[in-house]
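Structure first, then comments.
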């Protein structure tokens, strides 16, 4: 092997290891964040009196450490220290299951085989009387005993009978258990499905109905010889949490073959029956949406349906009206989701005019960075102005330590198309092209400093006594950001960089001060913030492949130290 080939291999291996260290830190930040949430969830269980557990599992003598069997749970041990079960609670994962007026937090005690030994209510934001009725009932909570956690998560176990007068609260408790164990809430709160007799009230010539294979909320309506008459959309489960006077109501909206509303039918309800009956019998209410297209119905604001209310049943009728619009809106989103499934489809659905414009600026900047345009007036003046105004003050699209480590902890949020594109360009291009394109052409704060260089023409040199400190400043900030993310230190990372200053209406004082000071400094010393203080730029430049990438430096030592701390934080026994 020639010396040059040997050098290339060594450089690629060294830089590959450098990239792997950063990737490992990102993974550990995410893994430790998941574990941290689990520990938070279990924290209130530490102070739980053992007597409450022993009511369900008498052999439990003490509450032990974090359980490997149930995330966020704690092991239960006997007098000899042997594991005999697990205890956990359903909040916050189960809080999405709302009963009559709020969620309920449950204490769940399991035996060593992960079968429920007992369930009791820890706290509830549901209606007091409904919760009290469940606690007084001798059978509902006890009916979960003996069931496996897998059955509760998947719905494989038969559902217990609800307590009379507290049906919604009982359903929410079962749903909270399923959600806490990684399952999903039930398909709907109404067991009875619309019948042919029901739909004949909208489609007089109907002789058969067929549920849609891919969506149980959609029902196909057929005439003789299987001629399509239209279709019906059920409001459950999309509107199951839309409460009238005392509970939700199931309804169907009929659509003719042209997609226009043919009628509305009110079915079962948990609301007060006299009020539901008034709505069910009101012809004007049933015909209020007639002739409206499916898309028009789905586009109405659910809080502004235009329904004044049926006399004597205002709350019930307005809840039904909101449920109809919510069901149509949910169905429209579902149809679009089936056409554009997956991550790419989800991102495409989030594209609008401003986002497309921002992506256009990003694409233009990348092209400019790799062509002769970068040396022209366009690359030196027009592009920085566009990046500053459109990506900076317009979209607030800047990469930052808060965003990087926040995404590492919790994942990429939906709708972050522009930031995701910037992130990909920022990480991929330095590794593959040897150019840090984000810092040179895509960062609005870098663009602002480039314009200062052009118009203010700063020419001062950094004082010699400050240079050693400024070499380490961006790396000290980067290390602080990593430690904050992995150790969950009480520090807002937006306060160590100036980038929130581009959104002054939401920016904190610290970010605004750094924003102003960094630009003032850059007006005295060329590109002062980029060169001497930016931790995000330091990380991106660290990932850039260059002629000396085969050499290990003190910067690699900083990242290895951060990796060691992250690994210790995640794996150190607690």
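Out of the residues in region 123-132 that are in contact with a helix residue (DSSP H, G or I) (Cβ under 8 Å, 6 or more places away or on another chain) and farther than 16 Å from residue 92 by Cβ, which is surrounded by the fewest Cβ atoms within 10 Å (Cβ to Cβ)? So, considering only residues that are in contact with a helix residue (DSSP H, G or I) (Cβ under 8 Å, 6 or more places away or on another chain) and farther than 16 Å from residue 92 by Cβ, the one surrounded by the fewest Cβ atoms within 10 Å (Cβ to Cβ) is 127. Looking at region 316-326, is at least one residue in contact with a helix residue (DSSP H, G or I) (Cβ under 6 Å, 6 or more places away or on another chain), under 18 Å from residue 266 (Cβ atoms) and modelled with pLDDT under 65? The answer is no, given that none of the residues of region 316-326 is in contact with a helix residue (DSSP H, G or I) (Cβ under 6 Å, 6 or more places away or on another chain), under 18 Å from residue 266 (Cβ atoms) and modelled with pLDDT under 65. Among the numbered conditions (1) in contact with a helix residue (DSSP H, G or I) (Cβ under 6 Å, 6 or more places away or on another chain); (2) more than 18 Å from residue 371 (Cα to Cα); (3) crowded, with 21+ Cβ neighbours inside 10 Å, the only one that residue 456 does not meet is (3). For residue 23, are the conditions met, namely being closer than 18 Å to residue 571 by Cβ and free of Cβ contacts under 8 Å to residues at least 12 places away in the same chain? Yes. For region 546-574, residues that are part of a loop (DSSP other than H, G, I, E, B), touching a residue at least 60 places away in the same chain (Cβ under 8 Å) and under 30 Å from residue 37 (Cβ atoms) total 1. Looking across region 56-67, the residues that are more than 17 Å from residue 116 (Cα to Cα) and at pLDDT 85 or above come down to 61, 62, 64, 65.
Let's see how each residue does on (1) over 23 Å from residue 371 (Cβ atoms); (2) under 27 Å from the mean Cα position of the chain (by Cα):
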residue	(1), (2)
418	no, yes
425	no, yes
463	yes, no
477	yes, no
484	yes, yes
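The criterion of at least 1 residues that are out of contact with any strand residue (DSSP E or B) (no Cβ under 6 Å at 6 or more places or on another chain), at pLDDT below 80 and under 16 Å from residue 234 (Cα atoms) is met by none of the helices (runs of 4 or more DSSP H) falling completely within region 251-301. Given the options 422, 512, name the one that is surrounded by 22 or more Cβ atoms within 10 Å (Cβ to Cβ) and in the same structural domain as residue 364 (by TED's automatic domain parsing). When all the criteria are applied, what remains is 422. In region 74-93, which residue that is surrounded by fewer than 17 Cβ atoms within 10 Å (Cβ to Cβ) and modelled with pLDDT of 90 or more is nearest to residue 147 (Cα to Cα)? For region 74-93, the residue satisfying everything is 83.
Which residue is nearest to the chain's Cα centre (by Cα), if the candidates are limited to region 350-373 and must be part of a helix (DSSP H, G or I) and at pLDDT below 90? If we take residues in region 350-373 being part of a helix (DSSP H, G or I) and at pLDDT below 90, then 355 is nearest to the chain's Cα centre (by Cα).
The set of residues in region 37-50 that are at pLDDT 70 or above and either assigned to a loop (DSSP other than H, G, I, E, B) or in contact with a helix residue (DSSP H, G or I) (Cβ under 8 Å, 6 or more places away or on another chain) (or both) comprises 47, 48, 49. Among the residues of region 107-122, are any buried (at least 22 other Cβ atoms within 10 Å of the Cβ), in contact (Cβ under 8 Å) with a residue 12 or more places away in the chain and over 18 Å from residue 56 (Cα atoms)? No, that holds for no residue.
Scanning region 463-506 for residues that are outside any helix (DSSP H, G or I), surrounded by fewer than 19 Cβ atoms within 10 Å (Cβ to Cβ) and without any contact (Cβ under 8 Å) to a residue 60 or more places away in the chain yields 463, 464, 465, 466, 489, 490, 491, 504, 505, 506.
Answer yes or no: is there a residue in region 94-102 that is surrounded by fewer than 20 Cβ atoms within 10 Å (Cβ to Cβ), without any contact (Cβ under 8 Å) to a residue 40 or more places away in the chain and touching a strand residue (DSSP E or B) at 6+ places or on another chain (Cβ under 9 Å). Scanning region 94-102 turns up at least one residue that is surrounded by fewer than 20 Cβ atoms within 10 Å (Cβ to Cβ), without any contact (Cβ under 8 Å) to a residue 40 or more places away in the chain and touching a strand residue (DSSP E or B) at 6+ places or on another chain (Cβ under 9 Å). Residues considered: 491, 543. Of these, the only one that is more than 18 Å from residue 397 (Cα to Cα) and modelled with pLDDT of 90 or more is 543. For residue 53, are the conditions met, namely being over 32 Å from the mean Cα position of the chain (by Cα), at pLDDT below 90 and in a helix (DSSP H, G or I)? Spelling it out, it is not the case that residue 53 is over 32 Å from the mean Cα position of the chain (by Cα), at pLDDT below 90 and in a helix (DSSP H, G or I). Kindly indicate whether any position in region 17-25 is under 27 Å from residue 484 (Cα atoms) and crowded, with 18+ Cβ neighbours inside 10 Å. Yes.
The values are calculated or read from the model by the stated rules, or taken from the named source; none is laboratory data. Keep in mind that what you see is a predicted model, and the values were worked out from it rather than measured. Neighbour counts run over all protein chains shown; Cβ positions are idealised from the backbone, glycine included.
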